[in-house]
Amino acid sequence: MPVPNQLPTEDTRGASRHLPSGADAVPADGTKDSEEATGTAQKPRTTQKHGVIDAAPVEKADGHTDTAALAKRLTAIKGKPGHTAAAVVDPASGKELYAAGDDTLLMPASNLKVVTMASMLSVRDAGTRFTTTIVSPAPGKIVLVGGGDPYLKRSPGEDGGPWASTEQLARRTAAALRKAGTTSVTLSYDDSLFGGATWHPSWPKDYADQVTTITSLWVDEGVDPATGVRVGNPADQAATTFADQLKANGIKVTGKPARTKGSGAKIAEVRSAPLEEIINRALLHSDNSATEVMGRQLALATGGKPDPAGVRAALQAKLKEFGAWQDGAVIDDASGLSRSNRVSPRMLATVWTKVLATPAMQPMLDGVPISGVTGGLSYRYDQPETKPARGLVHAKTGTLTGVASLSGWVRTPDGRVLVEGLIVNDAPVDQGQVWVDHASAAVSHG
């Protein structure tokens, strides 16, 4: 889909957004990618604070890509590892500028998160919030009802931020109960918003350090604060945490929380951060758990079942709607953890072209890292061939064993925007990352 060469520059939450630029780097979270970006002007800039290197000289001053020169730069990259495939597109015209195995279906790893988040923004406003509620089915009985907030926290924490917490919910609940003359309750919990398997059948058990059992109710993604391990029943853990917080606010809680179906009058609630904040954080940290929750929310929003099959159907339907679907492609989960996923570089490039052309989807542009500046790309682009691309590549990374991928948008030295999809399979991750970095640096040259 063609897009204008110059994109909107309003920094308006939930509305048309400009392309992002440098932001403070955020440390990677374990083996996950760490990615962040904020707003910018329309031309590349040198930012001493972040060490962004000046743009490379403009190869052609007429604002058009020399496709022969681009192909020469890409084919000249040394040390081609495994199975490489690439697509480069001019989103202003829709013209494919370079294609090498661009329709080859490969494992995308975390680049599948791009599809999930773009799909979510196509059906829900960027300001959408998800509500965690306390209801009372009878006097002295309350139920904690999960609304699918992936970033519900135990407490606000020192960093503050827009994230809802059960600590805040406990204070509000206790105040409402005391006002009604109630000081002792039984507590149950309702995590029935999502259905089906809570653990994807394609994920091996040892993925438990990478993703939480999927439910509509958890705190801190079900991570035990004492051990740092993801618990097996995060909804029960959330309810137990909430019970302790109620007690700390002067409300006696009798018995142990049990699962039930929530009903009755609403007592209190907390609302999540806006959807765009959730998406940007999930992309920033390449957060598998939060992305899988967004997949369930997508299935609900599109009228499907919020289970693995419903997520697959919703994502496939969205790819067809975007004009990005390719026969033979496989969408198995929302996060890209499954090794059964198969997409092509062209599919990823088409999704990014759709994002750039659609104001409602542009908030996710803030969620990807910047070459040599932020997140998972902050420590890369340090070779002589890639240093000129620092600050110019804005892309989602992806890694699994034998897989490296990169897709997003690239600012050329003369201020134009190109879209790229790069995937390497069947190669050591470090070699694959070197290749995609060199390839994107070649694209950024214009």
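Under the condition of being β-branched (Val, Ile, Thr) and within 15 Å of GLN297 (Cβ to Cβ), which residue from the range 264-286 is farthest from the chain's Cα centre (by Cα)? Among those that are β-branched (Val, Ile, Thr) and within 15 Å of GLN297 (Cβ to Cβ), it is ILE278. In the set (1) hydrophobic (A, V, I, L, M, F, W, C); (2) part of a helix (DSSP H, G or I); (3) buried (at least 24 other Cβ atoms within 10 Å of the Cβ); (4) at pLDDT 95 or above, ALA334 fails one condition alone, (2).
If you go through the range 209-230 and keep only what is modelled with pLDDT under 95 and either crowded, with 22+ Cβ neighbours inside 10 Å or not in a loop (DSSP other than H, G, I, E, B) (or both), you end up with just ASP209. Across the range 392-426, the number of residues qualifying as aliphatic (A, V, I, L, M), outside any strand (DSSP E or B) and over 18 Å from SER378 (Cα atoms) comes to 0.
Condition check: over 17 Å from ILE214 (Cβ atoms), among the basic types (Lys, Arg) and either in a loop (DSSP other than H, G, I, E, B) or in contact (Cβ under 8 Å) with a residue 12 or more places away in the chain (or both). Does ARG346 satisfy that? Considered against the rule, which asks whether it is over 17 Å from ILE214 (Cβ atoms), among the basic types (Lys, Arg) and either in a loop (DSSP other than H, G, I, E, B) or in contact (Cβ under 8 Å) with a residue 12 or more places away in the chain (or both), ARG346 comes out as yes. No other residue among LYS80, LYS113 is out of contact with any Ser or Thr (no Cβ under 7 Å at 6 or more places or on another chain), outside any strand (DSSP E or B) and closer than 30 Å to GLN383 by Cα apart from LYS80.
Sort out which residues of the range 231-275 are free of Cβ contacts under 8 Å to residues at least 24 places away in the same chain, under 20 Å from VAL293 (Cβ atoms) and not in a helix (DSSP H, G or I), and write them in order of number.
VAL231, GLY232, ASN233
Checking ASP125, ASP90, ASP54, ASP102 one by one, the residue that is surrounded by fewer than 15 Cβ atoms within 10 Å (Cβ to Cβ), at pLDDT 95 or above and at negative phi is ASP125 and no other. For the range 428-446, a residue qualifies if it is aliphatic (A, V, I, L, M) and closer than 15 Å to ALA100 by Cβ, and the qualifying residues are VAL436, ALA439, ALA442, VAL443. Take LEU365 and decide whether it is touching a strand residue (DSSP E or B) at 6+ places or on another chain (Cβ under 8 Å) and in a helix (DSSP H, G or I). Spelling it out, LEU365 is indeed touching a strand residue (DSSP E or B) at 6+ places or on another chain (Cβ under 8 Å) and in a helix (DSSP H, G or I). In the condition set (1) without any contact (Cβ under 8 Å) to a residue 40 or more places away in the chain; (2) in a strand (DSSP E or B), ALA87 is compliant with all but (1).
Rundown of residues vs (1) buried (at least 21 other Cβ atoms within 10 Å of the Cβ); (2) within 26 Å of the chain's Cα centre (by Cα), yes/no style:
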| site | (1), (2) |
| --- | --- |
| GLY148 | yes, yes |
| TYR151 | yes, yes |
| ALA164 | yes, yes |
| GLN168 | no, yes |
| LEU187 | yes, no |
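The values are calculated or read from the model by the stated rules, or taken from the named source; none is laboratory data. Not measured: the values here are computed from a predicted model. Cβ sites come from the backbone with ideal geometry, for glycine too, and all protein chains shown count toward neighbours.
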